[in-house]
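Asker: Quick one: this structure, given as structure tokens, is what I'll be asking you about.
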Amino acid sequence: MPPIKNLNQSPFDRILGFPDAPDIETHTADWWTVMDRHTKARYDPKAPLSSHHFRSQSASVFEETTNEDVVLEFIHFRRFTATNQLRRSCRIVDLITEEDFEKEWLALSAEEREKHFLAGLRAAEQNTTYVTFIRSKADCPELNRDEVTREGGQGFLDLMHQLVLPDNANVPTQPHVMANSRFDKMVGFKEDDTHKARLAQLSMARMIRSEYIANFVMNVLMSYKGITPEITVFTTEHSKTKSTLKNHSEMFENMMGKTASKQFKRDEVKRRKEMKLHCQCCLKVEDKEKDGKMTVCSRCKSIGREIRYCGRDCQVADWKQHKKECGKPLDISSAFNDVHIGDSESNTKRPDLPTCPPGHRRSPHAVRLIEYLELSTKYDYVVETKPGTDDVFGIKLDEVPGAVAFIHMRNMLFTTSGPGAEGALLYVYRVLQTQGGVSGERSVQDQLKREYGEPLWNRMQALVKRGPPFSIPEVSRNDVDVIIKALRQLKRFTQQLPSYTIGTGAIAKLGLQVGPKKDVCVIVHFPEDAMPPPCILIPIPNPAPRVPARNAVGPNFNLPEPRHFDDFDYHQYVDLAQQKSYLQVYPHADYILWDSNGVPLAFTYTDMRFAMAFLHYRHRLFENGPYDHDALAYLIMALRTAVRGKKIPEAVLLAQLEREYHPGYVETVKACIKVRPSDGKEVYHRRDGKVFELGQIPAEKSLMGKIMMQLEESGRFGEILDRF
């Protein structure tokens, strides 16, 4: 190591207690070694707390040094910090999700990584501002050599992950801070500090420390990419530098002596002059030679404040926020206000996507998933077909209860990895297994591991090994209402949710089963007034059905033969015979529907109550024919509601039913089904004058019991039926 000389210390360095160290520009590795030694001593939890000039100051000192100009500096630094945090987060997510950076980084030799680390340190030191707030590397134990080189470079990747925001769609309204409890104690920071001037200055210190770490990370990445960093430091004005320094001359002389004070003030004037003026809205740098001076807000200028705009568009876009303080004195509370950049409020996120709670960190891949979801309001999930590319396809749940349950489980994974998250992950996984399309089973597994981490995936696998019934979090009434409100804002399910008033009405416990084997069940506390039939439509092969096995069991076997009536040869309808043939081949289908192109679809209820009721009326209709108007009315109302917004137009559905049960009977019963003006619900007006909603049409209890036994024999809803 070269002899340690005081080559790079300013008067403030000596006042603040920086150690003597080699020149960082010429002996960076040695500088890092010395600074690490100093940092470890300061941050040793067993050692006494190191001194810090902030901690020794009284509240009155902070009050005296926090004037309106300082508050304005704080406000703008927070804006720059929040904007930079979004840019950095987007870049890191791109590197990790698209360029496979993590794999490439770990493949580098230790010498190659060291080269990039040293470049990052040099650039971070060059970009250090507000030197009175932190002691650069000496206040960042996260940048110690043994930390960033840990596990062959994994330490640096872990540090990178800390810079990823939970949401890359918007500038954060409050800048994120990489908290360090030892630093907080050292400077005297407390979240509940009642002295606002002190709290503002110490909050700045925490932000500046975080920015130093972030600058190091980004400069390492630029070195890796072969990019030379351009260092730009912003300010709101140049006109007050000399007068401000003159007003504080006595303080500087007391701190460092008259000669050193003069040198410091000369250096500070030069440094401030090199700082860039900028547009308040878009943060564009003022270039007087190219574009001339920017417009300055006249009302603010009249009180000695300089707020610039590069053009009228930016001034208009920023007015909503700027009018709150335009031409008005700034008080200390302004240093804590939410950050808004231009019209950033208009860039609101999807209402069904949750905010990230404190303490939870989303992976870069989960953040990328949220980015995809932000781009389209119609998808509930996005599955990658080729990882690292934009070759993806969206998944959209077609039924309200299914969509509500899936969104709730997805949002759990976006907000927690704690107890219950493994059940939520299993539910999401099972849905993606049936909806994953061309990506394949292994691809879906790998994507979920990237998004939610190997530890949670392993917990889910342990849950699977224990076998059903699986512990899946229930979806409460409040959870349902929150998601239904969001779905309405997104204008989804407008036909299915016309009459439901959020927070009102009775509750029904829905048991939704998902997965290729329907082995995962979630209980949803669903409002009855918002209850569309939870069902699925699955295309099936169109050749002639095979003959079912003789020993087959379930409601689709031993179907009742129609009774013979003198005036109607119901049993001769070929389309109904085809219906029954398909049902016997597909034992878990409740009905077979044909779309506009003649493709058969297996219609299946995923909730036991709906399935039992439908199979009950289907049995009656098969047995009694369309003379059983109650059963035919139930079938028309249930199927018409179920196919809304799906692949089968209502006219195609009714034409099929006419072929199966005779046009005259279908038309007669259809005329008895009307919309009730008082609440918009569909009701059945029976010929005896009685009016029934879908779930109120009279049923036969003995037949219901028979249907339940058949479902149990077939293996459907086994987990639910076991509870009876």
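Here is a yes/no grid of residues against (1) surrounded by 19 or more Cβ atoms within 10 Å (Cβ to Cβ); (2) touching a Lys or Arg at 6+ places or on another chain (Cβ under 6 Å); (3) under 18 Å from Asn411 (Cα atoms):
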{"site": "Ala462", "(1), (2), (3)": "no, no, no"}
{"site": "Arg466", "(1), (2), (3)": "no, no, no"}
{"site": "Arg477", "(1), (2), (3)": "no, no, yes"}
{"site": "Thr494", "(1), (2), (3)": "no, no, no"}
{"site": "Tyr500", "(1), (2), (3)": "yes, no, no"}
{"site": "Gly505", "(1), (2), (3)": "no, no, no"}
{"site": "Glu528", "(1), (2), (3)": "no, no, no"}
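Asker: What number of residues within region 500-522 are closer than 24 Å to Ala589 by Cβ and either of a type in the set (Phe, Trp, Tyr) or under 26 Å from the mean Cα position of the chain (by Cα) (or both)?
Answerer: Qualifying residue count, region 500-522: 7.
Asker: Does Val383 satisfy the condition of being buried (at least 20 other Cβ atoms within 10 Å of the Cβ), in contact (Cβ under 8 Å) with a residue 60 or more places away in the chain and out of contact with any Phe, Trp or Tyr (no Cβ under 7 Å at 6 or more places or on another chain)? Before you say what the answer is, go through the steps one by one.
Answerer: Working: buried (at least 20 other Cβ atoms within 10 Å of the Cβ): yes; in contact (Cβ under 8 Å) with a residue 60 or more places away in the chain: yes; out of contact with any Phe, Trp or Tyr (no Cβ under 7 Å at 6 or more places or on another chain): no.
No; evaluated as a whole, the condition is false for this residue.
Asker: Can you find, within region 391-431, the residue that is surrounded by the most Cβ atoms within 10 Å (Cβ to Cβ) among those that are closer than 23 Å to Ala462 by Cα and charged (D, E, K, R)? First the steps, then the outcome.
Answerer: Within region 391-431, the subset closer than 23 Å to Ala462 by Cα is 405-406, 408-431.
Those left that are additionally charged (D, E, K, R): 410, 422, 430.
Details: Arg410: 22, Glu422: 26, Arg430: 23.
Among those that are closer than 23 Å to Ala462 by Cα and charged (D, E, K, R), it is Glu422.
Asker: Among the numbered criteria (1) in a helix (DSSP H, G or I); (2) buried (at least 17 other Cβ atoms within 10 Å of the Cβ); (3) among the basic types (Lys, Arg), which single criterion is violated by Arg716?
Answerer: Unmet for Arg716, out of (1) in a helix (DSSP H, G or I); (2) buried (at least 17 other Cβ atoms within 10 Å of the Cβ); (3) among the basic types (Lys, Arg): (1).
Asker: Here is a follow-up. Being in a helix (DSSP H, G or I), within 23 Å of Val524 (Cβ to Cβ) and in contact with a His (Cβ under 8 Å, 6 or more places away or on another chain) is the filter here; which residues of region 445-493 pass it?
Answerer: Arg477, Asp479, Val480, Ile483
Asker: For region 417-470, name all the residues that are in contact with an Asp or Glu (Cβ under 8 Å, 6 or more places away or on another chain) and among the small types (Gly, Ala, Ser). Walk me through how you get there before you give the answer.
Answerer: If we filter region 417-470 for residues that are in contact with an Asp or Glu (Cβ under 8 Å, 6 or more places away or on another chain), which is where we start, we get 430, 433, 439, 443, 447, 456, 459-460, 462-463, 468-470.
Passing the criteria: Ser439, Ser443, Ala462.
Asker: Considering only residues of region 530-562 that are surrounded by 13 or more Cβ atoms within 10 Å (Cβ to Cβ) and more than 27 Å from Val643 (Cα to Cα), which is modelled with the lowest pLDDT?
Answerer: Per the criteria, the residue is Pro548.
Asker: Would it be correct to say that Phe717 is in contact with a Phe, Trp or Tyr (Cβ under 6 Å, 6 or more places away or on another chain) and either among the hydroxyl-bearing types (Ser, Thr, Tyr) or not assigned by TED's automatic domain parsing to the domain that holds Cys521 (or both)? Spell out how you get there, then give the answer.
Answerer: Working: in contact with a Phe, Trp or Tyr (Cβ under 6 Å, 6 or more places away or on another chain): no; either among the hydroxyl-bearing types (Ser, Thr, Tyr) or not assigned by TED's automatic domain parsing to the domain that holds Cys521 (or both): yes.
In short, no.
Asker: Scan region 507-518 and tell me whether some residue there is assigned to a loop (DSSP other than H, G, I, E, B) and among the aliphatic types (A, V, I, L, M).
Answerer: Within region 507-518, the first condition is being assigned to a loop (DSSP other than H, G, I, E, B), and the residues that meet it are 515-518.
When the remaining residues are screened for being among the aliphatic types (A, V, I, L, M), the result is none.
No; the residues of region 507-518 include none that is assigned to a loop (DSSP other than H, G, I, E, B) and among the aliphatic types (A, V, I, L, M).
Asker: Would you call Asp158 surrounded by fewer than 16 Cβ atoms within 10 Å (Cβ to Cβ) and farther than 30 Å from Phe62 by Cβ? Spell out how you get there, then give the answer.
Answerer: Values: surrounded by fewer than 16 Cβ atoms within 10 Å (Cβ to Cβ): yes; farther than 30 Å from Phe62 by Cβ: yes.
So Asp158 passes the test.
Asker: Only one of (1) surrounded by fewer than 21 Cβ atoms within 10 Å (Cβ to Cβ); (2) under 13 Å from Leu593 (Cβ atoms) fails for Tyr627. Which number is that?
Answerer: (2)
Asker: At pLDDT below 95 and farther than 27 Å from Thr39 by Cα: which single residue out of Thr81, Thr97 fits that description?
Answerer: Values: Thr81 fails: farther than 27 Å from Thr39 by Cα.
One residue alone meets the criteria, Thr97.
Asker: Considering only region 50-81, state which residues are of a type in the set (Val, Ile, Thr) and in a loop (DSSP other than H, G, I, E, B).
Answerer: So the first thing to find is which residues in region 50-81 are of a type in the set (Val, Ile, Thr), and the list is 61, 65-66, 70-71, 75, 81.
If the condition is that a residue be of a type in the set (Val, Ile, Thr) and in a loop (DSSP other than H, G, I, E, B), then Thr66 is the only one that fits.
Asker: Let me ask something else. Has region 450-471 got any residue that is within 25 Å of Thr641 (Cα to Cα), of a type in the set (Asp, Glu), in contact (Cβ under 8 Å) with a residue 12 or more places away in the chain and in contact with a helix residue (DSSP H, G or I) (Cβ under 6 Å, 6 or more places away or on another chain)?
Answerer: The initial filter retains those residues of region 450-471 that are within 25 Å of Thr641 (Cα to Cα), namely none.
Scanning region 450-471 turns up no residue that is within 25 Å of Thr641 (Cα to Cα), of a type in the set (Asp, Glu), in contact (Cβ under 8 Å) with a residue 12 or more places away in the chain and in contact with a helix residue (DSSP H, G or I) (Cβ under 6 Å, 6 or more places away or on another chain).
Asker: From the list Thr241, Thr235, exactly one residue is at pLDDT below 75, within 22 Å of Arg79 (Cβ to Cβ) and out of contact with any helix residue (DSSP H, G or I) (no Cβ under 6 Å at 6 or more places or on another chain). Which is it? Give the steps one after another, and end with the answer.
Answerer: On the way: Thr241 fails: out of contact with any helix residue (DSSP H, G or I) (no Cβ under 6 Å at 6 or more places or on another chain).
None of the others qualify; the one that does is Thr235.
Asker: Restricting region 288-344 to residues that are acidic (Asp, Glu) and exposed (fewer than 15 other Cβ atoms within 10 Å of the Cβ), which is nearest to His278 (Cα to Cα)? Reasoning before the result, please.
Answerer: Narrowing region 288-344 to residues acidic (Asp, Glu): 289, 291, 306, 313, 318, 325, 331, 338, 343.
Still in the list and also exposed (fewer than 15 other Cβ atoms within 10 Å of the Cβ): 289, 291, 313, 331, 338.
Values: Glu289: 14, Asp291: 12, Asp313: 15, Asp331: 23, Asp338: 20 Å.
Looking at residues that are acidic (Asp, Glu) and exposed (fewer than 15 other Cβ atoms within 10 Å of the Cβ), I get Asp291.
The values are calculated or read from the model by the stated rules, or taken from the named source; none is laboratory data. All of these numbers come straight from a predicted model, not from anything done at the bench. Neighbour counts are summed over all protein chains in view; Cβ atoms, including those assigned to glycine, are modelled from backbone coordinates with ideal geometry.
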